[in-house]
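The values are calculated or read from the model by the stated rules, or taken from the named source; none is laboratory data. Keep in mind the model is a prediction, meaning the values are calculated, not measured. Note that we place each Cβ from the backbone using ideal geometry, even for glycine, and neighbour counts take in every protein chain shown. We work out accessible area using only protein heavy atoms, side chains counted, and drop any ligands, DNA or RNA first. Shrake-Rupley method; radii C 1.70, N 1.55, O 1.52, S 1.80 Å.
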Amino acid sequence: MPTPHLTPALPFALPSGLPATRGTVYGTLLNHRDALAALGEQVHAAPYKAPPKAPVLYIKPRNTWAEPGAAVEVPTDAPELEMGATLGLVIGRTACRVSEADALGFVAGYVVMNDISVPHAAVYRPSMRFKCRDGFCPIGPVVPASASIDPDALTITVAIDGKVVQRNSTTGLIRPVARLLADVTEFMTLHPGDVLAVGVAAGSPRARAGQRVRITIEGVGELEHTLVAEAETTAPITPTSLTAPQTKFARVAYDGSIHTATPHPAGLQLADGRVLAETDVVWLPPFEVGTVIALGLNYADHVKELSKELTVTTQDEPLAFLKSASALIGHRAHTRRPDGVAFMHYECELAVVIGRTAKNVKREDAMQHVAGYTVANDYAIRDYLENYYRPNLRVKNRDGCTVLGPWLVPASDVPDPHNLALRTLVNGVETQRGNTADLISDIPALIEYLSGFMTLQPGDVILTGTPDGVVNVNAGDEVVTEIDGIGRLVNTLVGDQIFNIQ
């Protein structure tokens, strides 16, 4: 059962019939012919080596969402920003492995979007600093889908201070809308309220503080906002916090409801006093999950293990990327191992749960923003690891490929989170061992780094990376990831037939 998650309302009104809470905003890279052509022969050279085979997706997290008319901050270290005008598809029905012929029936409406970026050249391992700053995704109002709107033949116009600076069309999409939806939902479920941006054309115009941006998509509408210098925005952030847990607890589904639970010698005890066995309930991630931030290559031994294929070192900034709530499952759940893949592996990780709003937090204050810890097992399928926005969502955001739980352990119960032993057992045999003492970027460093360009909110979670020792696992394997003092997380791999996939 997927977990409900802390998702603020997106800055638009949804058509009637969609849920009040909104989902995830996804961007698509290199889906315009001219954008791919702009890379030229680079696509055949290192580090890319070949054009992308599958949709290259990324996530615009909730801190980036902004309303029409918003004042978007221009960072002091980036005097100009790229205006990524694009069409957004608002999902109206759960879309999982939909056919191209049926795909448009899952679209409830369309929005005008500005996928703002700090100018950068890299599409191999671009930093979250470029695309995930606060307010970097203004979104216009929803226009309901109708036969009069052909999403594959819309003109998009960008004007800065009233002067038209770019005009392009969705006729240039490499994957037209229906094809894009079919290819994305082959590996990742889209939920009602999710938004999928179809891609940005080459030559995104740049704008500076003090300028007004207007994006128009024929038949869909107009989105207008301003840019302001970072120092001009003085409105304080209203701090919010999770209720500090007093003891470790879980969230489970039982008898048609979601319950909190605490450990009991016989299994677990619900808040109403009932005692149940572990196998009597469906375990959920132990807290309502907001933004999921994952770290790659955050243990020196794991960097060494993968050294032959890397173009980064331990001296580079943290390799952080985003995951969506659709990837999450709980303790004792099943994870699909697609038939025919050669290398799928687990990753045992300490998950750090944010408890208080964090913006521009200094290292010495960072741990005050931690509510607690849980265990994560973040699977990856190396077969699908293409060299664009690496690691891409096809590898790391598949349905049910990130396991969280069983318990949320209060930070007060963990005297030193930087001295915890981690281990993974496959069918009872230990295959991975490490210690959080070996983190390249420790927890205060990660919170300081991330909060320096994005506001971390209660319920956000940081997966801190995995040590070396990852090995291939197969359908039928039981994978147990353990962290001393935090918990023992059990997961079973199953084949396509369990999910009725032919």
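Structural remarks
- Some residue of segment 35-49 being open to solvent by less than 20 Å² (accessible area, probe 1.4 Å) and under 18 Å from Asn114 (Cβ atoms): yes
- Check on Glu278, charged (D, E, K, R), open to solvent by 40 Å² or more (accessible area, probe 1.4 Å) and at pLDDT below 95: no
- Search result, residues across segment 165-203 that are open to solvent by 20 Å² or more (accessible area, probe 1.4 Å), under 18 Å from Asp115 (Cα atoms) and among the β-branched types (Val, Ile, Thr): Val165, Val200
- Scanning segment 88-118 for residues that are open to solvent by 40 Å² or more (accessible area, probe 1.4 Å) and in a loop (DSSP other than H, G, I, E, B) yields Arg93, Thr94, Cys96, Arg97, Ser99, Glu100, Ala101, Asp102.
- Selection within segment 125-154 - open to solvent by less than 20 Å² (accessible area, probe 1.4 Å) and closer than 20 Å to Ile59 by Cα: Ser127, Met128, Cys132, Gly135, Phe136, Cys137, Pro138, Ile139, Gly140
- Residues satisfying the stated conditions in segment 337-363, i.e. touching an Asp or Glu at 6+ places or on another chain (Cβ under 9 Å) and open to solvent by 10 Å² or more (accessible area, probe 1.4 Å): Arg337, Asp339, Gly340, Val341, Ala342, Phe343, Glu347, Lys359, Asn360, Val361, Lys362, Arg363
- For segment 462-502, taking the residues that are within 23 Å of the chain's Cα centre (by Cα), part of a loop (DSSP other than H, G, I, E, B) and not aliphatic (A, V, I, L, M), the one that is farthest from Asp383 (Cα to Cα) is identified as Thr464.
- Of everything listed in (1) among the charged types (D, E, K, R); (2) at pLDDT 95 or above; (3) on the phi < 0 side of the Ramachandran plot, the single unmet condition for Arg125 is (2).
- Of everything in segment 55-87 that is touching a Ser or Thr at 6+ places or on another chain (Cβ under 6 Å) and among the small types (Gly, Ala, Ser), the residue that is most open to solvent (accessible area, probe 1.4 Å) is Ala71.
- Among the residues making up segment 359-413, those that are touching a Ser or Thr at 6+ places or on another chain (Cβ under 6 Å) and of a type in the set (Val, Ile, Thr) are Val361, Val375.
- Residue in segment 247-259 that is modelled with pLDDT under 95, over 15 Å from His331 (Cβ atoms) and surrounded by 14 or more Cβ atoms within 10 Å (Cβ to Cβ) present: no
- Residue ranges of strands (runs of 3 or more DSSP E) in segment 384-437 with at least 1 members without any contact (Cβ under 8 Å) to a residue 24 or more places away in the chain: 429-435
- Restricting attention to segment 297-336, the residues being open to solvent by 70 Å² or more (accessible area, probe 1.4 Å) and either modelled with pLDDT of 95 or more or among the aliphatic types (A, V, I, L, M) (or both) number 2.
- Selection count where residues are charged (D, E, K, R) and over 25 Å from Phe287 (Cβ atoms), scope segment 479-502: 1
- If you go through segment 337-383 and keep only what is free of Cβ contacts under 8 Å to residues at least 60 places away in the same chain and in a helix (DSSP H, G or I), you end up with Asp365, Gln368, Arg382, Asp383.
- From the options Ala411, Ala376, Ala380, residue that is open to solvent by 20 Å² or more (accessible area, probe 1.4 Å) and among the small types (Gly, Ala, Ser): Ala411
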